[in-house]
Amino acid sequence: MSWSRILWISGVVAVVLLLIIWVYPNRDDFNTTNNSWNGTEVFRARFQAATLDSLTDLPAQPVGTTLVLISYIPFNAEELEQIKDYVLSGGTLLIMDDYGFGSQVLEHLGLSYGFSGDLLLDPLINYRNEQLPKIIDFSEPQLAQGVDAVLFNHATFLTDVPEDQVIASSSALSFVDKDGDFAYDEEVDENGPFVVAASTKLGQGQVIAIADPSILINGMIGMEDNEAFLRNAIGVGEPQPQVLLDQSHLSESALTMTKEGLGIARNAFAYPPVVFGVVGVVLLLTWRPVWRR
Amino acid sequence: MRKATSALLLVLLIASSLPWAASAGPRYTPHENPETAQSTFYAPSLLSSYSTVMWLISNRDFSDAESLLEQLKQAAIPDEIKSAVDLYNRLTSEVNEMLENIEELLQEADSLINQRLLDDARAKLAQAGVLLDAAESKLRDLTQATITIGDHLGVFGSAATDELKEAYDTLAGMLSRVGQLREDYERLLQELSQIAVEAEQQLTATSITLDLDPGEAWVGENINLSGRLTDKDGTPLVDKSITFYIGESSWTSTTTDGDGYYSEDLTVPAHYSSPRTMKAEYIPQGADKNIYQASLASQDLVVLFHQSQIELTDVPQEMYPGLASTISGRVTSTGGVVGREVEAFIKGAIAGKDLTDVEGNFQLEATLPSDIELGSYTLEIVVKPREKSAGASQDIEMKVARLIPEVAVHTPRIVFSSKSLRVDGSVSYAGTPISGAIVNLSFGGISGTTTTEAGGIFGFDLSVPWTPTIGGRQSIDVTVMPTEPWLGTVQARASVFVLSPFNIALLSAAVIAIGVVLYWRRRHLDILSAEEESPTEAVEEQLIVEGEPRDSKERVLAAYNQAMRLVQERTGVLSKPQQTLREYLNKTRDKLEQLGNSFAELTSLVEKALYSPSIPSDEDVVRAEQIAQSLRKELGG
């Protein structure tokens with residue numbers, strides 16, 4: 001078999017491969033195109049959320065919008081400033097974090113509290129197991145409207161929250177698993193209740209911190225009153241705000257990165273210079289027999 | 001082939017593993033699928049939680065114990081022990097409540113003994129005694145329930161873990177501390193009872209009377225309270241302080257005269273309930289505390305007043321910050337309804353008021369503060385009491401929200417990049433134009449701000465940014481922020497199709513160029529092909545006959561050449577260098593129709609001439625030339 005034939009077969013295989021990648025469903029955590037249990041497709045649809053691929057896309061006039069921020073990638077100084085400007089100008093920031101970089105944002109906003117990053121367990125007030133704690137204690141009536149319980153999933157808690165800014169707390173039976181053995185140890189672990197949601201007015205805007213982003217995912221949004229709680233939190237500033245869901249601080253799998261690359265390539269073909277370049281290459285190859293002659 | 005197969009297999013291997021490799025990438029976003037989450041129940045935690053409850057009770061922290069119990073009622077308990085746990089919760093809650101009540105009763109009894117109100121103290125101590133007996137019984141039930149729970153959780157089985165046993169022992173220990181508390185209360189009850197008995201023996205009993213004149217009065221009228229304070233022998237107690245109470249509220253005090261009498265006038269306060277209990281109480285003060293017991297007399301005063309009712313006929317379900325809402329209704333009362341003050345309150349602050357007309361109707365305009373937070377509220381409509389007429393109130397559950405204005409945005413459907421674009425719009429609510437609203441516009445990376453004019457209209461003159469594409473739909477996002485506090489921010493989106501003339505021209509030029517190039521190339525290839533596939537060259541050297549045919553073979557070839565040219569012209573099928581004579585015949589035979597057979601015969605003759613070792617006969621030559629001639633005749637050569 002000639003090398004030109006091998007090249008052709010490889011090309012066809014590559015195209016088939018790219019097609020497979022293109023249609024293979026996304027399974028990344030919190031990804032809005034992921035319709036599996038760990039995606040946020042349901043949230044995006046129900047809240048008509050627009051996705052943000054960069055915080056530079058934040059609106060200059062943020063009144064009437066709520067930015068939902070899930071932070072698994074650190075923020076740079078410019079992004080922190082953009083978030084601060086957004087809140088001070090009247091936007092509502094719903095920051096949801098468990099083991100990420102949410103505290104970086106809260107600190108930059110000058111708030112006294114932060115995400116602990118330690119695992120919150122509740123051996124009794126839970127759904128199925130201690131890592132799915134049920135939150136039943138709400139301090140803020142407006143945000144608790146229509147909410148009896150919110151189910152968390154491998155959550156953490158907030159530290160140093162002023163009492164008047166507490167929205168919700170875990171049960172008195174919950175504890176923080178400091179030694180990682182999933183059992184309460186009086187000498188090592190701390191027992192609850194712990195603050196798991198807080199709200200602070202800042203400038204013209206508002207910050208709401210929730211110690212578990214997992215309540216957004218497809219598999220969790222319908223559990224207990226998670227959706228009602230999210231709706232209350234998102235609409236705390238303005239009724240029916242435009243929801244902006246940041247996707248730029250999530251870990252991406254190789255599949256997603258490849259899909260994005262394909263998307264970029266597809267978009268590139270909308271640019272005349274690229275099209276002309278490709279046409280030129282095709283012409284060169286087509287003319288090759290003529291030159292050779 | 002082997003190389004190609006290997007390369008293909010390698011690529012397929014990479015392809016098949018790619019999705020797996022992608023999904024198995026490193027990530028740290030811990031959550032689990034709740035649908036498939038494993039159910040676990042950690043029995044020691046349940047027992048430890050009850051230990052905490054018992055510890056709180058034994059430390060007399062009854063409210064925290066109750067709060068924890070309320071949370072425990074929502075615990076995820078396996079179905080097989082749920083009923084036992086529910087029973088345990090109920091028993092624990094009852095014990096907690098009983099012990100709390102016992103403590104309150106004992107404290108009250110202690111206070112009453114100090115005030116020398118020994119009869120009241122004895123009543124409280126008796127109640128405490130009953131509750132202590134009940135608590136003892138409940139504690140026995142709770143102890144049994146603890147054993148039952150322990151049994152359900154496998155505490156007494158051989159498989160019980162040390163942790164489970166330890167948790168159970170701790171709970172049993174805490175439960176015994178609760179029993180200890182009950183016993184402490186029992187001792188306290190006995191001590192207080194003893195003190196009360198001793199006080200009764202040591203102190204002189206007193207007696208006080210109370211008369212109301214009249215015993216029935218309208219609100220605002222005066223009545224007289226009088227009576228006499230004596231000891232158990234009827235000896236008047238002089239210059240002793242008497243305290244009056246209306247209901248449970250202390251009102252005033254006076255002192256007895258030289259015969260132990262007292263008297264006080266009272267204007268019946270504007271408290272519209274009946275009857276009201278009036279009390280006169282003697283509490284020994286100073287040195288008298290060691291001489292006399294306290295005494296208390298009470299009489300019910302029938303308070304007369306006019307009842308009032310408020311009936312709401314028009315109430316809003318939703319109100320808006322800073323915007324007046326009308327609330328209508330009617331006040332009815334036997335005491336007159338004209339000019340009654342009706343007020344609306346939200347969070348304790350007045351939101352509007354009105355006076356009733358002759359028929360008691362009112363229509364007040366309630367305006368909420370501009371900075372009120374959105375949410376659910378209770379609006380209280382109150383008709384104030386007036387003289388002998390009682391007030392009335394009614395609550396309205398309503399929501400505070402903002403109205404959403406309507407925004408219309410008008411743009412051309414199609415615009416060209418780098419040209420100007422006019423965006424017009426209007427803002428209104430229910431047909432009323434909203435002026436002065438701030439309007440932000442964002443379009444393709446450019447933004448602008450303006451305010452709505454009278455008539456609610458706004459406009460932007462924009463320069464359409466250069467687009468790198470040939471054309472496409474782009475969004476124009478408009479955010480409207482009205483200055484009126486009752487109106488909410490609203491967003492609208494319009495879209496225009498932006499065309500880039502430069503890119504269209506560039507693409508057109510490219511398409512034309514490609515067309516020209518392809519046309520030119522085709523022609524060039526046709527020429528080359530024509531050169532390559534010339535019929536003279538197609539006949540190979542064997543068919544070439546130079547000059548006049550010299551022998552029979554050349555005569556047959558010449559006849560064939562002549563015929564083949566005619567066939568080529570007639571059919572348009574050119575003979576190719578790689579074709580045999582037979583292949584050429586097969587390609588042309590059908591197209592020649594009835595002449596095909598003649599051309600086939602000629603082909604056979606030329607094949608015989610070319611490939612047969614014998615030279616063509618004269619008959620063959622004549623036949624070949626006849627066929628060529630007939631073909632020339634038929635094909636018009």
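The values are calculated or read from the model by the stated rules, or taken from the named source; none is laboratory data. Just so it is clear, the model here is predicted, and its values are computed rather than measured. Note: ideal-geometry Cβ built from the backbone for every residue, glycine included; neighbour counts use all protein chains shown. Side chains included, ligands, DNA and RNA excluded: accessible areas come from the protein's heavy atoms. Shrake-Rupley method; radii C 1.70, N 1.55, O 1.52, S 1.80 Å.
Values computed for the structure shown
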| read-out | value |
| --- | --- |
| Whether the range B:124-215 is rounded, prolate or oblate, judged on the alpha carbon gyration tensor where a/c under 1.5 counts as rounded | prolate |
| Whether the range B:169-250 is rounded, prolate or oblate, judged on the alpha carbon gyration tensor where a/c under 1.5 counts as rounded | oblate |
| Radius of gyration, Dmax [the range B:227-338; alpha carbons; angstrom] | 23.5, 72 |
| From the C-alpha gyration tensor of the range A:1-115, square roots of 5λ in Å | 40, 16, 14 |
| Folded to 0 to 90 degrees: helix B:62-72 orientation relative to chain B principal axis, Cα | 30 |
| Estimated translational D of the range A:119-212 in µm²/s (Stokes, Kirkwood radius over Cα pairs; 10 °C; 1.306 mPa s) | 117 |
| For chain A, alpha-carbon Rg relative to the globular expectation (2.2 N^0.38 Å, N residues) | 1.26 |
| Set of lysines with alpha-carbon distance to A:Lys134 below 25 Å, sequence-local pairs under 8 removed | A:Lys178, B:Lys73, B:Lys82 |
| Nearby aspartates and glutamates by direct alpha-carbon distance to B:Lys353 (threshold 17 angstrom, same-chain neighbours under 8 apart not counted) | B:Glu311, B:Asp314, B:Glu341, B:Glu343, B:Glu365, B:Glu380, B:Asp395 |
| Nitroxide proxy distance, nm - points 7 Å out along Cα→Cβ at B:Val302 and B:Thr378 | 3.4 |
| Convex hull per residue volume in Å³, alpha carbons only, for the protein assembly as shown | 308 |
| Using alpha-carbon coordinates, inclination of helix B:43-58 to the longest axis of chain B, degrees | 30 |
| In nm, spacing of pseudo-spin labels at A:Glu78 and B:Ser614 (7 Å Cα→C-beta vector) | 9.7 |
| Given chain B, longest segment not containing exposed loop chymotrypsin sites (Phe, Trp or Tyr not before Pro) (DSSP; at most 12 other Cβ within 10 Å) | B:157-465 |
| Solvent-accessible area of B:Lys591 with every protein chain in place, 1.4 Å probe, in Å² to the nearest 10 | 120 |
| Cα gyration tensor shape for the range A:61-149, rounded if a/c is under 1.5, else prolate or oblate | oblate |
| 0 to 90° range, to nearest 10: angle between helix A:3-23 axis and chain A longest Cα axis | 30 |
| Over 19 Å (Cα to Cα) - which of B:Lys124/B:Lys240; B:Lys553/B:Lys608; B:Lys124/B:Lys232; B:Lys240/B:Lys289 fall in this group | B:Lys124/B:Lys240; B:Lys124/B:Lys232 |
| Cβ charges +1 (Lys, Arg) and -1 (Asp, Glu), total dipole of the protein assembly as shown, debye | 7000 |
| Length added when fully stretched, B:Thr432-B:Arg413, from 0.36 nm per residue minus Cα-Cα | 4.1 nm |
| Inter-label distance, nm, simple model (7 Å from Cα along the C-beta direction), B:Glu365/B:Glu569 | 10.7 |
| Exposure of B:His524 as accessible area (Å², to 10), given a probe of 1.4 Å and all protein chains | 60 |
| Student exercise, the range B:63-105 dipole from Lys, Arg, Asp, Glu Cβ charges, in Debye to nearest 20 | 240 |
| Rg to Rh quotient for the range B:33-118, alpha carbon positions, Kirkwood Rh | 1.21 |
| Cubic angstrom per residue, convex hull over Cα atoms of chain B | 401 |
| Signed unit charges on C-beta, dipole axis of the protein assembly as shown, positive-most listed residue B:Pro236, B:Pro44, A:Gly222 | A:Gly222 |
| Computed over the range A:196-276, Cα set: Rg, Dmax in Å | 18.7, 56 |
| Dipole magnitude (debye, nearest 20) for the range B:96-191, charges at Cβ of Lys, Arg, Asp, Glu | 180 |
| Gaussian network model of chain A, springs between alpha carbon atoms under 10 Å - residue of A:Leu52, A:Leu18, A:Leu151 with greatest fluctuation | A:Leu18 |
| Rh (Kirkwood; distinct C-alpha pairs) - the range B:64-114, Å | 12.7 |
| Scattering curve values for the range B:60-211, log₁₀ I(q)/I(0), Debye with Cα scatterers, q = 0.13 Å⁻¹ | -0.69 |
| Zero-based 10 Å bins, Cα pair distances in the range A:141-288, whole percents | 9, 26, 24, 16, 10, 8, 6, 2, 0 |
| Spatial separation of Cα centroids for the range B:262-305 and the range B:214-252, in angstrom | 5 |
| Residues of the range B:307-403: accessible area per residue with a 1.4 Å probe, Å² | 49 |
| Projected-area mean, the range B:290-330, by convex hull of Cα positions, square nanometres | 8.4 |
| Per-residue SASA entry for B:Lys576, accessible area with 1.4 Å probe, Å² rounded to 10 | 70 |
| Qualifying aspartates and glutamates (Cα of each under 19 Å from Cα of B:Lys576; at least 8 residues distant if same chain) | B:Asp526, B:Glu531, B:Glu532, B:Glu533, B:Glu537, B:Glu540, B:Glu541, B:Asp590, B:Glu607 |
| For the protein assembly as shown, with +1 on Lys and Arg beta carbons and -1 on Asp and Glu, the positive-most of B:Gly459, A:Asn34, A:Thr92 along the dipole | B:Gly459 |
